[in-house]
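Each remark here refers to the structure printed beneath this line.
The values are calculated or read from the model by the stated rules, or taken from the named source; none is laboratory data. Quick caveat: nothing in here was measured; it's all calculated off a predicted structure. Don't worry about glycine lacking a Cβ; one is built from the backbone with ideal geometry, like all the others, and counts go over all protein chains shown. For accessibility, only protein heavy atoms count, side chains too; no ligands or nucleic acids. Shrake-Rupley method; radii C 1.70, N 1.55, O 1.52, S 1.80 Å.
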Amino acid sequence: MQTADTFNFLSKLNRKRVWNGLKVLSSYYRSRWTGKPVQWGYPFTVSFEPTTFCNLRCPECPSGLRSFTRPTGMLHKDFFGETIDELQDHLVYLYFYFQGEPYLNPDFLDMVKYASEKNIYTVTSTNAHYLNDENARRTIESGLDRIIVSIDGTTQETYSSYRVGGKLTKVIEGTKNLVRWKKELQSKTPHILFQFLVVRPNEHQVEDVKALGKEIGVDEVVFKTAQIYDYEKGNPLIPTIDKYSRYAKKEDGSYQIKNKLLNHCWKLWHSTVITWDGRVVPCCFDKDAKHQMGDLKSQSFKEIWNAPAYERFRQNIFKSRKEIDICANCSEGTKVWMQD
């Protein structure tokens, strides 16, 4: 199954996209060697935010906590289409998520279809509560390449301890709808994943979710470590199983992030994040869009990508990542995704 997904991804490449990727890679290493940021290409990975709204109230998520200080709303498909038209020559991988539940945007699957028709590899992440029969079929028909279904427990009690307000039966039913329609329409896509965010309340169900994934017929089960905001003095969400934790316990009983926060970051060269209202931010850790690089409602993407604000941020990465707030609790450089 994973081999088919890999070949599908590779099929999205063409000369322009490969050449752009080589320019991005070479400029990144030149920047690391010299300590002075240069950027010779454009991002080939982009995260586009369909919405900030969510039906759940997960405790470590700004959408769930309703804690945004930035404006909230829905991505408009016309603005999305205009932006994709600008990015399509170099764009290979498009994430349809940042914050919020994508399926709450009524135009979400139309936007997926638009990007798919541009031969861009499309991915989304969902809590699966809106994958009814119709949406499941439309998902397959949209051409979506990969869908990540968040399932953080195999019993309702465990699941809802983190996915507050959620129903496990909805997640299972929605996933089954996807699997069934994928078979009925004889489609090779999307690659369907169960993602299990490992926290202390659910770590005892790691083996159970593997069995559940096999029973339902998903293509892959992956395990993700959780970002915890208040971790220094310990937190009841930090797993006791070390390989599933981003944090290490020190001799004095406090915790520190495992990532050594080296003063460079590949994300700043190959990827970017666009909020629902057109703000460009450096990466997915800037959940509240505090580090705005530009605004696509008044600037072109190429202007923003090469503007002084981006150059300064890249330069600051080389100076001291630990002094940048969104980098201080960053998992880049640590093992986050684990397949079992």
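Only residues that are part of a loop (DSSP other than H, G, I, E, B), without any contact (Cβ under 8 Å) to a residue 60 or more places away in the chain and either over 18 Å from the mean Cα position of the chain (by Cα) or closer than 20 Å to Lys267 by Cβ (or both): list them for region 88-110, please.
Once the filter is applied, which keeps residues that are part of a loop (DSSP other than H, G, I, E, B), without any contact (Cβ under 8 Å) to a residue 60 or more places away in the chain and either over 18 Å from the mean Cα position of the chain (by Cα) or closer than 20 Å to Lys267 by Cβ (or both), region 88-110 yields Gln88, Phe96, Tyr97, Pro106, Asp107.
Considering each residue of region 160-216, count those that are surrounded by fewer than 22 Cβ atoms within 10 Å (Cβ to Cβ), among the charged types (D, E, K, R) and in a loop (DSSP other than H, G, I, E, B), and give that number.
3
Is it true that Leu22 is under 21 Å from the mean Cα position of the chain (by Cα) and of a type in the set (A, V, I, L, M)?
For Leu22, the condition - under 21 Å from the mean Cα position of the chain (by Cα) and of a type in the set (A, V, I, L, M) - is not met.
Being outside any helix (DSSP H, G or I) and free of Cβ contacts under 8 Å to residues at least 24 places away in the same chain narrows it down to one residue among Asp152, Asp230; which is it?
Answer to the selection: Asp230.
Identify, please: which residue in region 77-87 is without any contact (Cβ under 8 Å) to a residue 60 or more places away in the chain and open to solvent by 50 Å² or more (accessible area, probe 1.4 Å) and is, among those, nearest to Gly41 (Cα to Cα)?
For region 77-87, the residue satisfying everything is Asp85.
May I ask you to list pairs of residues, at least six apart or on different chains, whose Cβ atoms are under 6 Å apart, with the first in region 314-340 being within 16 Å of Gly35 (Cβ to Cβ) and the second being small (Gly, Ala, Ser) and at pLDDT 85 or above?
Hits for this filter: Phe318/Gly35.
Which of the following residues is in contact (Cβ under 8 Å) with a residue 12 or more places away in the chain, hydroxyl-bearing (Ser, Thr, Tyr), touching a strand residue (DSSP E or B) at 6+ places or on another chain (Cβ under 9 Å) and not in a helix (DSSP H, G or I): Ser47, Ser63?
On inspection, the qualifying residue turns out to be Ser47.
Test Arg70 against the criterion of being in contact (Cβ under 8 Å) with a residue 12 or more places away in the chain, of a type in the set (D, E, K, R), in contact with an Asp or Glu (Cβ under 9 Å, 6 or more places away or on another chain) and closer than 18 Å to Trp305 by Cβ, and give yes or no.
In short, no.
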